[in-house]
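Notes for the one structure printed next.
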Amino acid sequence: MSSIEFLADERTALTPLADAHVETMTRWVNNQSVIRYLGGPLGISVDEERKWLERIRASQDDVIYGIMIRESGQLIGTVALHGVRGLGRHAEYGISIGEPEHWGKGYGFEACRLMLDWGFNRLNLHSVYLRVFADNQRGVRSYEKAGFKHAGMLRQHAFRDGVYLDMYYMDILREEFNSQWADWRARQAERYAV
């Protein structure tokens, strides 16, 4: 299925989610290895996922896009900012790469950078934060690479597989992002001719 490139980097693009993506997304949320770090139940039906997508697309507080590999047009995940209309001009970041064969290849990092740029420089956010399980070291490294800083930890906050897990909070400010990624942003401006 071909998708519209909303924002793009070298290998990765963000695309609006469409009804045609629902079956793929339902497969992801019913894969234990995919939702391991997201929480939530297994056993979501296609109809339940469709209703969720309708709610999230109608929301005035949430921005969500599909993550697509530009070369193939394959949808491999989703990326989101939640709570973007808050008075504090902050939002919570979320991402999921639903296709395990694409984990660890940098697509999530590229999608993160695209979404942060959109949030800070188009939606006028001041800060973006996230929560990540402490045992999700691949995710933590990707967030650190994007510029997120450790902001705190909730000890033994979640229970999974018979073990209590710590939860990290991480955040990034607009001036930190824009400073760290100034050269990349200049290349993006050339790409979009702005």
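Within 18 Å of Ile35 (Cβ to Cβ) and out of contact with any Asp or Glu (no Cβ under 8 Å at 6 or more places or on another chain): does that describe Arg160? Considered against the rule, which asks whether it is within 18 Å of Ile35 (Cβ to Cβ) and out of contact with any Asp or Glu (no Cβ under 8 Å at 6 or more places or on another chain), Arg160 comes out as yes. Residues of segment 140-175 that are assigned to a helix (DSSP H, G or I) and crowded, with 16+ Cβ neighbours inside 10 Å: Val140, Ser142, Tyr143, Ala146, Arg174. Pairing each residue of segment 33-59 that is touching a residue at least 40 places away in the same chain (Cβ under 8 Å) and under 14 Å from Ala80 (Cα atoms) with any residue that is in a helix (DSSP H, G or I) and not basic (Lys, Arg), provided the two are 6+ apart or on different chains, yields C-beta distances under 9 Å for Leu38/Val29.
Number of residues in segment 98-112 that are touching a residue at least 60 places away in the same chain (Cβ under 8 Å) and either surrounded by fewer than 14 Cβ atoms within 10 Å (Cβ to Cβ) or not in a helix (DSSP H, G or I) (or both): the value is 4.
Just one of the numbered conditions (1) outside any strand (DSSP E or B); (2) of a type in the set (D, E, K, R); (3) under 14 Å from the mean Cα position of the chain (by Cα) is not true of Arg187: (3). I'm trying to understand the selection: among the residues of segment 24-64, which are in contact with a Lys or Arg (Cβ under 9 Å, 6 or more places away or on another chain) and either among the β-branched types (Val, Ile, Thr) or farther than 23 Å from Asn136 by Cβ (or both)? The answer is Thr26, Val34, Gln60, Asp61, Ile64. Between residues in segment 117-144 that are within 19 Å of Leu7 (Cα to Cα) and residues that are modelled with pLDDT under 95 and among the hydrophobic types (A, V, I, L, M, F, W, C), which pairs lie under 6 Å by C-beta distance while being six or more apart or on different chains? Short answer, once both residue conditions are applied: Leu123/Val84. In segment 73-86 there is at least one residue matching the filter, namely being touching a residue at least 12 places away in the same chain (Cβ under 8 Å) and among the polar types (S, T, N, Q). The conditions of being hydrophobic (A, V, I, L, M, F, W, C), surrounded by fewer than 16 Cβ atoms within 10 Å (Cβ to Cβ) and not in a strand (DSSP E or B) are met by Ile4. For segment 113-138, residues that are in a helix (DSSP H, G or I), of a type outside the set (Asp, Glu) and either buried (at least 21 other Cβ atoms within 10 Å of the Cβ) or touching a helix residue (DSSP H, G or I) at 6+ places or on another chain (Cβ under 8 Å) (or both) total 7. Residues that are modelled with pLDDT under 95, assigned to a helix (DSSP H, G or I) and more than 30 Å from His126 (Cβ to Cβ) are absent from segment 65-86. Scanning segment 38-62 for residues that are surrounded by fewer than 18 Cβ atoms within 10 Å (Cβ to Cβ) and touching a strand residue (DSSP E or B) at 6+ places or on another chain (Cβ under 8 Å), we see that the one that is nearest to Ile97 (Cα to Cα) is Leu38.
The values are calculated or read from the model by the stated rules, or taken from the named source; none is laboratory data. This structure is a prediction, so every number in the text was calculated from the model and none was measured. Every residue, glycine as well, gets a Cβ built from its backbone with ideal geometry; the counts of neighbours run over all protein chains shown.
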